[in-house]
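Please treat every number below as a calculation from the coordinates, not as lab data. Model, not experiment: these values are computed from the prediction. Neighbour counts are summed over all protein chains in view; Cβ atoms, including those assigned to glycine, are modelled from backbone coordinates with ideal geometry.
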Amino acid sequence: MTDTDAAARRDQAVRAAVEQGLVGPGVPLAALLDVTGIRASARALTSAFAAVTDAPVLHAFAVKACPLVPVLRLLAAEGLGAEVAGPGELALARAAGVAPGRTVLDSPAKTPAELREALALGVAVNADNPQELARLDALLASTATASPLGLRVNPQVGAGSIDALSTATRTSKFGVALRDEGAREWVVAAYAARPWLTRLHTHTGSQGVPPALMAEGVRAAYELAEEINARVGRRQVDTIDLGGGLPVNFASDEDSPTYAEYARLLRAEVPGLLDGSYALVTEFGRSLLARHGTVLARVEYAKTAGGRAIAVTHAGVQIAVRTVYAPETWPLRIAAYGPSGRPKAGPPVLQDVAGPACFAGDLLARGRPLPRLEQGDYVAVLDTGAYCFAHHYAYNSLARPGVYGFTTSPSGVRFAVVREPQTVASIVAEAGGATPDALLF
């Protein structure tokens, strides 16, 4: 399905951002978040699973995808929880008001202090490995907790098209490798010895991982839960955490695959999972936010080199590091707007869209057919709501852009500040500006 309303909202917001001075000669970069679109994605997720199961489902947003407190607060208002991978993300979720009982801690490197904090708060914890499970044994000997506790397993079902985001390979660093010799029996025995282990967690990967492979990983976890419960003679495992990772179509405005399609796939491939025997947890991130973010950057200069037109903008590696270093794997769409913020027309010209960083590879698009960009125009970098402007890469000490949420109506566009633009003074402060003589000893 293609969301033409989203494109119309984006056009309206870009024009308003220029008219209201969120971007311009003095502020050449800003990030926009479509609040209506985010709400729609959250509702699509919850309704997709509600259509295939009556079991309780906690949809825990993967905070790593967009670690901004107002975003987490918005998603919480839509009924989502939070999946966190460290003390920083846990602090963000708490600042957003996400209840500990709706928070899940996943990380392959949890410290004793992190585990103690989670247990004290009542946050759910998925242990990653036998050594972490031993730490929990020791902590629970002297600590009472309301935290649901589980174990992450790697079903070793294989990789998708992006190795770095495939977490169920034979040698993945995550979880207990279920097909390694003796591992499955160890897992079953670990549960039998620990009645407080009531959850089972798996995650096959994210972008580049097809839904069919994700479903295969989920089926492996479901079958293991059934085996554990049969072995111990009771419904000890009562919750299965499916992970997240639904890929995003970065080639067009078409949403494919959808949450509804994935939920129906799970119903077909793992019907017992959805019959109400298990509570469920999901951990989607990119697919909830990517579509709804736009980076808007002013064209500072337009030039040519070797016959190629080049638009030099203020959006580059600092907001889209994956695209710059792996452009074939992480392509981003670019839309052209004129100085007034209205969509630019004209015959397509092959041109590069370059960022401001001082290295040759800082390009967001290479040889892209666009109306010829000129000085004072704007480029909109689409589908950047996840893993882009909230994950700043401070090359050349470039400042973090301001982030603004927006809603549209016939009467206009309303903006809200999600994060203020970073100041030069804060850059200096973060770089030890208060202690310039520290090394003169």
Give the lysines whose C-alpha is closer than 22 Å to that of residue 344, dropping any in the same chain fewer than 8 places away, or say none. 303
Zone reached by a paramagnetic label modelled 7 Å from residue 349 Cα along Cα→Cβ, restricted to segment 297-336 with backbone N below 20 Å, covers 297-315, 334-336
Using amide H atoms built 1.01 Å from N in the peptide plane, name the residues 5+ places from residue 209, or on other chains, whose amide H lies under 5 Å from its own. 161
Taking every alpha carbon pair in segment 35-289 and sorting the distances into 10 angstrom bins from 0 up to the bin holding the longest one, the percent per bin comes out as 7, 33, 39, 19, 2, 0
Going by average Cβ neighbours within 10 Å, how do the peptides 357-365, 419-427 rank, with the highest at the top? 357-365, 419-427
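Name the shape class, rounded, prolate or oblate, that the alpha-carbon gyration tensor gives for segment 367-424, where a ≥ b ≥ c are the square roots of its eigenvalues, rounded holds for a/c under 1.5, and otherwise prolate holds if a/b is larger than b/c and oblate otherwise. Present the calculation step by step, with values, prior to reporting the outcome.
Values: a/c = 1.76, a/b = 1.03, b/c = 1.72.
Here segment 367-424 falls in the oblate category.
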Relative contact order, percent, of the chain when contacts are C-alpha pairs under 8 Å separated by at least 6 residues? 18
Convert each backbone phi in segment 176-187 into a coupling constant with the Karplus relation 6.51 cos²θ - 1.76 cosθ + 1.60 (shift: θ = phi - 60°), then list the ³J(HN,Hα) values in order as whole Hz, x for Gly and Pro. 8, 6, 5, 9, 5, 4, x, 5, 4, 5, 4, 4
On a straight-distance basis, which lysines could pair with residue 173 in a cross-link, Cα separation under 16 angstrom, same-chain partners fewer than 8 positions away excluded? 110
At 0.36 nm per residue, minus the direct Cα-Cα distance, what do residue 438 and residue 358 gain on full extension? Give it in nm, one decimal, please. 26.0 nm
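Any idea what % of Cα-Cα pairs in the chain are farther than 39 Å?
Summing the P(r) of the chain above 39 Å gives 26 percent of all pairs.
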Neighbour-count order for 137, 377, 352, 437, fewest beta carbons within 10 angstrom listed first: 437, 137, 352, 377
15 Å beta-carbon shell around residue 367, net charge (K/R +1, D/E -1): +3
To the nearest 10 degrees, how steeply does helix 211-232 sit against the main Cα axis of the chain, on a 0 to 90 scale? 20
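How long are the three semi-axes of the equivalent ellipsoid for segment 209-269, computed from the Cα gyration tensor as the root of 5 times each eigenvalue, in whole Å, largest first?
Working: eigenvalues 183, 17, 16 Å².
After scaling each eigenvalue by five and taking roots: 30, 9, 9 Å.
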Dipole of segment 35-289, positive direction: furthest Cα of 209, 75, 41, with charges on the beta-carbon: 75
Using only Cα atoms, find the angle between the long axis of helix 35-50 and the longest principal axis of the chain, and express it within 0 to 90 degrees, rounded to the nearest 10. 30
Tilt relative to the chain, helix 259-269 - C-alpha long axis, 0 to 90 degrees, to 10: 30
Around residue 81 (Cβ within 13 Å, Cβ-to-Cβ, excluding residue 81; K/R +1, D/E -1) the net charge comes to -3
For the chain, what proportion of DSSP beta bridges, expressed in % and rounded to the nearest 5, is antiparallel? 50
For residue 64, counting only aspartates and glutamates whose alpha-carbon sits under 12 Å away and dropping same-chain residues fewer than eight positions off, the answer is 83, 89, 106, 283
Directionally averaged shadow of segment 144-293, computed from the convex hull of its alpha-carbon atoms, nm²: 10.0
Report the Cα centroid-to-centroid distance between segment 252-316 and segment 332-361 in angstrom, as an integer. 21
